[in-house]
1. In whole Å, what three semi-axes, largest first, describe the equivalent ellipsoid of the range B:96-241 built from its Cα gyration tensor (square root of 5 times each eigenvalue)?
2. Leaving out same-chain residues fewer than 8 places away, which aspartates and glutamates sit with a Cα under 20 Å from that of A:Lys370?
3. With a sphere of radius 15 Å drawn around the Cβ of A:Glu174, what net charge do the other residues whose Cβ falls strictly inside it have (Lys, Arg +1; Asp, Glu -1)?
4. Enter the angle in degrees (range 0 to 90, nearest 10) between the Cα long axis of helix A:43-62 and the first principal axis of the Cα atoms of chain A, meaning the one along which they spread out most.
5. Rounded to the nearest 20 debye, what is the charge dipole size of chain B about its Cα centre when +1 sits on each Lys and Arg Cβ and -1 on each Asp and Glu Cβ?
6. Bin width 20 Å, origin at 0, all Cα-Cα pairs of the protein assembly as shown: what percent of pairs per bin?
7. Given charges of +1 on the Cβ of Lys and Arg and -1 on the Cβ of Asp and Glu, with all other atoms neutral, how large is the dipole of the protein assembly as shown about its Cα centre, in debye to the nearest 20?
8. If the cut-off is a Cα-Cα distance under 12 Å, which aspartates and glutamates reach A:Lys73, setting aside same-chain residues fewer than 8 apart in sequence?
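Computed from the coordinates by the stated procedures, all read-outs in this text should not be read as laboratory data. Since we're looking at a predicted model, the values are computed, not measured. Reconstructed Cβ throughout: ideal geometry from the backbone, glycine too, with neighbour counts over all protein chains shown.
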Amino acid sequence: MKLKSLITAGMISASALALSSAAFAADKTVRIVGFGASSGVVGIFGQNSGAAMSAAFEKINAEGGITLADGSKAMIETEYYDDRCNAEEGISVLRRIASTDALVAIGPTCSNVAEPLFGILQAKVDDAGDTGLQFPVFTDVAIKGGLAGISEWVFRNTPSEAKMYDDLFAWIRETYPDAKTIYGGVEEDFAHSRFTWYSVMKTAAEAHGFELVGEAQWLLNDTNFSNQARGMRRAEPDVVAISAHPFTSCGMLREMARQKIQPKVLVGLTSSSSLETLSGCANEAQGIIIPTSFAPVNDEAKAAAEAVAAKGGALDLHSAAAWENAMILRDVINAAGIEGTPDTLEADRRKIRDGLAALTTAHGLLGENKRMPDGEAVKPYVFVHAQGNAWEVVHNPGS
Amino acid sequence: MDFYFGLLQIFGVHTLLGLSAYVVLLTGQVSMAQAGFYAIGAYTAGAGTAMFGIHILPAIIVAGLVTAVIACIVGFPALRVKGLMLVVATLAFGEMVRLFFFNLTWQVDRGGELVGPNGAEGFRSIRYFPEHGWEVWHVTAFIWAVVIVVMVALWWVDRTRAGAVLRAVGHDETAAQSIGLNLTAVKVGAMTAGGFIAGLGGGIYAHTVTHIEHGVFGVLLATFAIAYPILGGLGSVFGTVIAVLFIQGFLIEGLRFLGDWRSLLFGALIVLAMNLRPTGLLGEHAPRWFRRRKTGSEPLELKEAN
């Protein structure tokens, strides 16, 4: 009788312990924080990224969350900080995030924030002489080339524009053999658009035999493009490449329509393959060809786009990276065996950094992303063109 | 804790920027050139440490001196005009400086890496602090040491005949001239001092953000520069500090959680503050507790001529 009572008591105790452990596990959380420009001229990029992150983490949590080192499950908590595309604010926001229990940050939006921000991080891991901040940053939007090399704590999931535009101009050369000349238009005071024209588009176009017959420059806040368009009209180019964000791209496209400039091929900046361009100037943008690392071309991409739309955002090549980052971090955390406790915060951050550095491939919405040793990514891409009120795939180099 | 030290760094460099405009405002001149001076200081000090490997202290002093010389040269023609014309002239100078750095490409090889201004892409790798083992609190202490030295110097000047002369010109140029003051010398002197302080501030700023580019030094920064002393009050250097804390600490950092509403509230709260305290948050006089502590001779003040 006594033995039976003891066994019963032991079973009850074990059950209670198991139940309390399960309850405790369900209460466990880890924080992954996003930051970027969610207000101001480029605020829409941050808003879309925030929505994509939120939708992705909601999906992960609904599927059970992440697995910690002890085998227990934890949910992911997230929030999004606005840096207004300002370098000082971006640095302040990252310091704030690093002072909390966040394991890793996803951001920023603007390349002019990313560059100084990466500069305050420790350049080389384990360099005792470098007192830079030791906190992993996984960038989704800031796309200017070569920034991840600034610090070994930085990883980017932005596409390689050099590869995309090289392929695009090769394809244009093949598809439009009569096109010989090119005219460039560049939003001169924005780091990404300027870099992409002078170091990427122009180089790629000339490498594929296009003759540069002129360049027009304007600024992010410009609203009048008549002089630039006049120069373009006089040059009569076969190809016009516009390296500008949706706001001034639309201004320039409207002016080109007004002055009846009709090149055989119109090429746009990666960042302009977005809803903003279509809502701002769908008629004038008809036919513009842009390489992009996101298009809803498969079931997974379509489902992701719907989930983000439900959160009030739109999935484009930038916000799709935020979605992918969330998924990649889930896999890295599951594999890294983090503890998820306040005492192991520094070690957990380091494990995530090392996990990201060790990746050679990562799953993306369009296929496998290659992870490069310098922290950059080479992602699958397609060429889309504006048709009606949507972006349609005009060519898939991977097919 | 590093977050709060980082905030203090921002307060420090913005205080220097505001104090550079404060000196010029004492003479009654509104200068929009401070962002340009700040840029010159930033690029000069950045070049000093990142390109030529000198210590941060001489780098920022050289930056201050170079900026002071340029401010002095600019001051002569610019200060011959007054009021709105001066605003336009100094604004044009600021834009000229910004566009100069927009086009400046000058890089040297440092350890196999090209370092220096690279046109519109900016000036990267100004990493003196982390590369030399400075912790965040070391940097904060350094910045505030510089800020305190500048504040004490300005406070002291304000209590001397030189300060009275600056305020005399600011109150009534004609009266000041009638008692034999050389207006050009006073104004150019103030512009030079303001240039030196802006150069120091810019030099430190470049090292706290590690990367600078032309776009940072635009009209918005110039507006902030004069907004600090005007919002804080011209009575003493403390007005500028209070305004920096109000704008950078409360409006920008404190209201970050408001998201899109922050930008809207930002303007509204500044308008509200200016309406409630039209002569600045601390008014036109030094804080009373400072005046009480003064012993001996009373500060030199110009009584307005009837």
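1. Numbers: eigenvalues 252, 77, 34 Å².
Output for the range B:96-241: semi-axes of 35, 20, 13 Å.
2. Qualifying aspartates and glutamates at Cα under 20 Å: A:Asp140, A:Glu152, A:Glu161, A:Asp166, A:Asp167, A:Glu300, A:Asp316, A:Glu324, A:Asp331, A:Asp354.
3. Working: positive: A:Arg173, A:Lys180, A:Lys264; negative: A:Asp166, A:Asp167, A:Asp178, A:Asp238.
Within the 15 Å Cβ shell, the charges total -1.
4. 30
5. Values: 19 positive and 17 negative charges, 168 e Å.
For chain B, the charge dipole is close to 800 debye.
6. With 20 Å bins starting at 0, P(r) equals 17, 44, 29, 8, 1, 0.
7. Values: 53 positive and 66 negative charges, 385 e Å.
Roughly 1840 debye for the protein assembly as shown.
8. Reachable aspartates and glutamates: A:Asp27, A:Glu63, A:Glu339.
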